[in-house]
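The values are calculated or read from the model by the stated rules, or taken from the named source; none is laboratory data. Since this is a predicted model, take the numbers as computed values, not measurements. Cβ coordinates were reconstructed from backbone atoms using ideal geometry, including for glycine residues, and neighbour counts include every protein chain displayed. Surface accessibility is based on the protein's heavy atoms, side chains included, excluding ligands, DNA and RNA. Shrake-Rupley method; radii C 1.70, N 1.55, O 1.52, S 1.80 Å.
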Amino acid sequence: MQETLSRWLESSADDCQFVEHPAVHTIAEALIHVPAMPGLMVKNLFVRDEKGRRHFLVIVPFDKRIDLAVLGRLLPASKLSMASPERLLQHLGITPGAVSLFALLHDSAQAVELVLDQAVWDADSVHAHPLRNTATVALSHASLVRFLAHTGHVPRIVAVPAANS
């Protein structure tokens, strides 16, 4: 799948920027190791509903804490919680640390619902791991739209509720 993504980036996202860096597993590590580049740094959460029937990839600005209970009522979905690494591998074909919108390439069944925070959608470009946590791509908004059309995922764009500090 890495090769498929590389071909797509070369053919459809020629305006993207790509940087290699040490492996990062957390936002704190990314802030240290990912070189400065244009665009919005984001965090990606893979969550599931109470019964494990619905799965969501939620993408928000990197510094936003999410209130999953309120987001669940907004979607609506019952009792959202973080999905297990096994579910992540099953549905998006990746392991923790490499979660990004590019993992939707693995979701040909459209089993994962994409939720984008309004700020992510409004950004001129966003950062995403290219299916591995040792590189980051700054993807323009136009390329983001092309990528989602390519995968067939229609994002739900919402003001993702923030948790109280």
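Summary of values
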| item | result |
| --- | --- |
| Criterion: more than 27 Å from Ala149 (Cα to Cα), among the aliphatic types (A, V, I, L, M) and open to solvent by 70 Å² or more (accessible area, probe 1.4 Å) - qualifying residue of Ala69, Ala36 | Ala36 |
| Residue that is nearest to Thr134 (Cα to Cα), among those in region 7-22 that are of a type in the set (Gly, Ala, Ser) and in contact with a helix residue (DSSP H, G or I) (Cβ under 8 Å, 6 or more places away or on another chain) | Ala13 |
| Residue under evaluation Ser125, criteria (1) open to solvent by 50 Å² or more (accessible area, probe 1.4 Å); (2) within 30 Å of Ser11 (Cα to Cα); (3) in contact (Cβ under 8 Å) with a residue 40 or more places away in the chain; (4) not β-branched (Val, Ile, Thr), criterion not met | (1) |
| Residue within region 110-118 that is open to solvent by 20 Å² or more (accessible area, probe 1.4 Å), in contact with an Asp or Glu (Cβ under 9 Å, 6 or more places away or on another chain) and either touching a residue at least 24 places away in the same chain (Cβ under 8 Å) or of a type in the set (Phe, Trp, Tyr) (or both) present | no |
| Conditions (1) crowded, with 17+ Cβ neighbours inside 10 Å; (2) at pLDDT 95 or above; (3) more than 13 Å from the chain's Cα centre (by Cα); number of the one not met by Ala135 | (2) |
